[in-house]
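Novice: First the structure, then my questions, so here it is.
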Amino acid sequence: MLKQRTQQAFSYLYDNYAATLNGVILGIIQDPEVSGDVLQEVFVKVWRQIGTYDPSKGRLFTWMFNIARTTSIDMLRSREWKNSQRNHSLDDAHTDLPEKRGIGEEMGLRKMISGLREEHKVLVELNYFEGYTQEEISGMLNIPLGTVKTRMRAAIVQLRKQVQ
Amino acid sequence: MDIQAYIESGVIESYVLGIANEAEVAELQRLQQQHPEVADAIVACEQWLRNTADRYAAPVPLAGKDQLWAALQASEEQTTSPAIKPTLAPVRSLRPAGRYLAAASLILLAGSIALNIYFYSRYTHAQDQYLGLLTERGTLMADNKVYQTRLNTLQGQLQVLTDTALLKVPMPGATGREQQLATVYWNRQTKDVYLISNNLPAAPAGKQYQLWAIVDGKPVDAGVLGDCASLCQLKNIGAAQAFAITLEQAGGSPAPDLTQLQVMGKVPS
């Protein structure tokens, strides 16, 4: 049904996954204004690539989840690049954020790591939410790659146990 | 290999979250084929991810659904036009908002060009019309001057004709030329002689009409008719009992050719 790309199929996808994917995107983007744009981009990609989705390789949600994550990280990277190129105008969206959002008040899926130890949290932040490879993290934190791998695995196992 | 340890190592979570590297993914897919418990663990982890993501779902605006459907339809049209696709140079993809802005600015540009062409043609058309009006105005001014001059002449002639000393001498056509008519206006005080050719045929080439004053039975030359418009002033005549017109050689003759007598009228006493 989904591969026929009818409005009914879209309606099903949207009703079942839009809010959840929005939480995934917001977890990475941390800006509700931008996450709406990314959600649209994710749906466009899903819609175009639905023909390449192979049910034998995993659930539909997992497939869309990964599209949402990589699209969000791409957006984050392009935004960081843009920010380094020019000064931000001090519009409301930027001046309001620190007051509205205290420390620990993360948005979307990022809330799930609030219970982790600090040394685990930073790895999940960098690896999952910001999309750095473990090799890059090893260089950034000046920790051997083997240690990064071990700690990351431990962090994820911990996460799986905590969040049920 | 200890499959249970492998399952509990966190590699399955890494894989599902999309942060496993290529070697880890390849190994996991191989083990998944060999060990059903690995496949089951992946399914369970996917379910966990779905549940966790659902818990941290962020509500989306209601209007977003229709907007998104419209956006999908729009992007669909872009991809399903294979005719123009091969000729397109690789372009930097824009965010949807940027795409609409780009499309809108292209439409605005096209509209602006069209308006420019339209207004330019209107401008040249108006300029042509203006030049036409200028020419017409010049013609009218010239005509106006001509009429003013003619009016002045006629006013002068009216002065002449209303002088109380003026005598009107109608000259009907001679025998055989009864339809012809000319009138002499003769001022007895100033001796001025004017002529109106009421009905004289145009003189043939090389010929001219000549006015004669009949003084005591003898014809006296009173001048030839030039191409005057209405009232022609001829030679002054002191006394006359009658006037007559003959057709003579151009320039006039010393004596009238009486066979060519056109009109004749007696001066009323």
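Novice: For residues that are under 22 Å from A:Gln30 (Cα atoms) and surrounded by fewer than 15 Cβ atoms within 10 Å (Cβ to Cβ), scanning just segment A:106-164, find the one that is farthest from the other protein chains (Cβ to nearest Cβ). So that I can check it myself, show each step before the final result.
Specialist: Going through segment A:106-164, the residues under 22 Å from A:Gln30 (Cα atoms) turn out to be A:106-133, A:137, A:155-156, A:159, A:163.
Filter once more, so that each one left must be surrounded by fewer than 15 Cβ atoms within 10 Å (Cβ to Cβ): A:114-115, A:117-119, A:133.
On the way: A:Ser114: 11, A:Gly115: 12, A:Arg117: 15, A:Glu118: 18, A:Glu119: 15, A:Thr133: 7 Å.
Checked segment A:106-164; the qualifying residue farthest from the other protein chains (Cβ to nearest Cβ) is A:Glu118.
Novice: Separate question: Looking only at segment A:5-27, which residues are within 8 Å of chain B (Cβ to nearest Cβ) and of a type in the set (Phe, Trp, Tyr)?
Specialist: A:Phe10, A:Tyr14
Novice: Does segment B:237-251 hold any residues that are in contact (Cβ under 8 Å) with a residue 40 or more places away in the chain and surrounded by 18 or more Cβ atoms within 10 Å (Cβ to Cβ), and which are they?
Specialist: Within segment B:237-251, B:Ile237, B:Ala240, B:Phe243, B:Ala244, B:Ile245, B:Leu247, B:Glu248 qualify.
Novice: Taking A:Gly36 as the residue in question, decide whether it is in a helix (DSSP H, G or I), in contact with a Lys or Arg (Cβ under 7 Å, 6 or more places away or on another chain), of a type outside the set (Val, Ile, Thr) and not assigned by TED's automatic domain parsing to the domain that holds A:Lys121.
Specialist: Values: in a helix (DSSP H, G or I): yes; in contact with a Lys or Arg (Cβ under 7 Å, 6 or more places away or on another chain): no; of a type outside the set (Val, Ile, Thr): yes; not assigned by TED's automatic domain parsing to the domain that holds A:Lys121: yes.
Spelling it out, it is not the case that A:Gly36 is in a helix (DSSP H, G or I), in contact with a Lys or Arg (Cβ under 7 Å, 6 or more places away or on another chain), of a type outside the set (Val, Ile, Thr) and not assigned by TED's automatic domain parsing to the domain that holds A:Lys121.
Novice: Please give the number of the condition B:Leu234 fails out of (1) surrounded by 18 or more Cβ atoms within 10 Å (Cβ to Cβ); (2) over 24 Å from B:Leu161 (Cβ atoms).
Specialist: (2)
Novice: Check whether at least one residue in segment A:62-74 is more than 13 Å from the chain's Cα centre (by Cα), more than 24 Å from B:Arg55 (Cα to Cα) and within 11 Å of chain B (Cβ to nearest Cβ), and report yes or no.
Specialist: Taking every residue of segment A:62-74 in turn, none turns out to be more than 13 Å from the chain's Cα centre (by Cα), more than 24 Å from B:Arg55 (Cα to Cα) and within 11 Å of chain B (Cβ to nearest Cβ).
The values are calculated or read from the model by the stated rules, or taken from the named source; none is laboratory data. The model shown is predicted, which means the values in this text are computed figures rather than measured ones. Cβ sites come from the backbone with ideal geometry, for glycine too, and all protein chains shown count toward neighbours.
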